[in-house]
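Inspection log for the structure reproduced underneath, given as C-alpha cells.
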Amino acid sequence: MTSRIAELFSLKGRVAVVTGGAGLLGTRHRVILESAGATVVSLDLLPCDDGESILCDITDSAAIESAIGRVIEKYGAIDILVNNAARNPKVEDGLSGWCRFEDLDRQTWDADIAVGLTGAFLVCQTIGHHMVERNQGVIVNVCSDLSVIAPNQHIYRQEGVAEHDQPIKAVSYSVVKHGLLGLTKYLAAYWAPHNIRVNAISPGGVSAAGQNEAFVTRISSLIPLGRMARVDELEGAILFLCSDASSYLTGHNLVVDGGRTIW
Ligand SMILES: NC(=O)c1ccc[n+]([C@@H]2O[C@H](COP(=O)([O-])OP(=O)(O)OC[C@H]3O[C@@H](n4cnc5c(N)ncnc54)[C@H](O)[C@@H]3O)[C@@H](O)[C@H]2O)c1
C-alpha cells in the first residue's frame, strides 16, 4: 500500500464492534475490518467460528451495557460500530403463509422490530455515550435495498402454491430497514458536532447456498448487473464507510445493489 492509501483505509489501532458478527455478512464485515488492522469484537447470540465474540442479545439493554463495558475495559475504546444484526428469514427458501401482511402475527412483528430497530437504537445509545465523551466515532448501519424500495413479492412466488400460501417478504423487514435509515440520518445530524459519522449501507440480495433457482433468475432480471451480490462484494463499501476514506461522509445511504434501485 502506498502511504496515502494506507492513511485512507488503514484501521490500525482501532477497535470495532460488529453486531450479528457470526452471520453470513457479519463474518465478512469482521474479516475486512481485521484485514485493515482493526481489533474486532462480535456481539451476537451465537459465537463466531473465528475471531473474538461476546454472546449478547441486543434486545437486552443490560446485556449490551455489560458487553460494551467489557470491550472498553479490555481495549480502552471503541472507534467503530457496525449495526448488522437483524432477523433475516430467507423468504426465497419457501417460508410461507405466516408472513403475509394480513396474517403477520404480532409476535413476529415485535421480534423483528426488537432486533433490527430497537437493538440498533440500544447499541447506538450505549456506544454513543462513549463516542460522545471521546468526541470521535464511526457508525455504519446495515440496511438493505428494501430501505429504499418496496419488496417485489413476485420474485418469491412458487409454482403450484395457493395464493394465500405464497411466500412473502414480511412488512416488518421493510419497516426495520426504513427505520434504520431514519436512525442513521437522525444520528448523523445529532452527533455531527461530536465528530461521530453515521452512515448506512444498503446491500441488495446476496447469493447464498441453497437459494431457489426461480428466485435467483427473477431477482437477477431486476438488477442491471444481472446477478445477485457475491458475499465478498460488500467488503469494499464497509471498509470505505468505516475508514478515513469516507471522512467527509455522514448521513449517507450507500446502496450496493448492482443497480437494482435505479430501474
Ligand atoms: N443476506 C442478504 O441478502 C442481505 C441483503 C441485504 C441486507 N442484509 C442485512 O445484512 C445483515 C446481515 O444479514 P445476514 O444475511 O448475514 O443474516 P444472518 O441471519 O446470517 O446474520 C444475522 C446475525 O444476527 C444475529 N442476531 C439475531 N438476533 C440477534 C440478537 N437479538 N442479538 C444479537 N445478535 C442477533 C444472528 O445470530 C446472526 O448471526 C442484516 O441486517 C440483513 O438484514 C442481508
Next item on the list: Take GLN125, project a point 7 Å from its Cα along the Cβ direction, then tell me which residues of the range 58-78 have their backbone nitrogen under 19 Å from it.
Entry: 58-70
Check: So how strong a dipole does the chain carry about its Cα centre when Lys and Arg Cβ are +1 and Asp and Glu Cβ are -1, to the nearest 20 debye?
Finding: 720 debye
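For a footprinting-style exposure proxy, rank TYR173, TYR190, TYR75, TYR156 by other Cβ within 10 Å, fewest first. Don't skip to the answer; put the middle values down first.
On the way: TYR173 21, TYR190 13, TYR75 17, TYR156 24.
Ordered by Cβ neighbours within 10 Å, fewest first: TYR190, TYR75, TYR173, TYR156.
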Next item on the list: Between SER35 and LYS185, with labels modelled 7 Å along Cα→Cβ, what's the label distance in nm to one decimal, could you check?
Entry: 3.3 nm
Next item on the list: Count the lysine pairs in the chain whose Cα atoms lie under 18 Å apart, taking only pairs 8 or more positions apart in sequence or on different chains.
Entry: 5
Next item on the list: Could you list the residues of the range 231-263 with an amide nitrogen less than 17 Å from a label point located 7 Å from the Cα of ALA192 in the Cα-to-C-beta direction?
Entry: 246-254
Margin query: Using the Karplus curve 6.51 cos²θ - 1.76 cosθ + 1.60 with θ = phi - 60°, what ³J(HN,Hα) values do you get for each residue of the range 82-87, in whole Hz, with x for Gly and Pro?
Written below: 10, 7, 10, 5, 6, 7
Note to self: In whole Å, what are the extents of the range 11-143 along the principal axes defined by its C-alpha atoms, from largest to smallest?
What the structure shows: 48, 28, 21
Item checked: Net length gained if the chain between VAL175 and ALA6 were fully extended (0.36 nm per residue, minus Cα distance) -> 57.0 nm
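Quick one: which of 28-40, 243-255, 127-139 comes out on top by average Cβ neighbours within 10 Å, and what's the full order, highest first? List each step's numbers first, then the result.
Details: 28-40: 20.5, 243-255: 16.4, 127-139: 18.2.
Put in order of decreasing packing, that is 28-40, 127-139, 243-255.
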Notebook entry, point to check: What span do the alpha-carbon atoms of the chain cover on each of the three principal axes, reported in whole Å from largest to smallest?
Noted result: 57, 43, 36
Next item on the list: Could you go through the range 165-175 in sequence order and give the Karplus-derived ³J(HN,Hα) for each residue, using 6.51 cos²θ - 1.76 cosθ + 1.60 with θ = phi - 60°, rounded to whole Hz, and x for Gly and Pro?
Entry: 9, 4, x, 9, 6, 5, 4, 4, 5, 4, 5
Notebook entry, point to check: Taking 0.36 nm per residue of separation and subtracting the Cα-Cα distance, what length does fully extending ARG134 through ALA77 add?
Noted result: 19.7 nm
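Each value in this text was obtained by applying a stated rule to the coordinates, not by laboratory testing. Quantities reported herein were computed from a predicted structural model and do not represent experimental measurements. Using ideal geometry, Cβ is built from the backbone for each residue, glycine included, and neighbour counts are taken over all protein chains shown.
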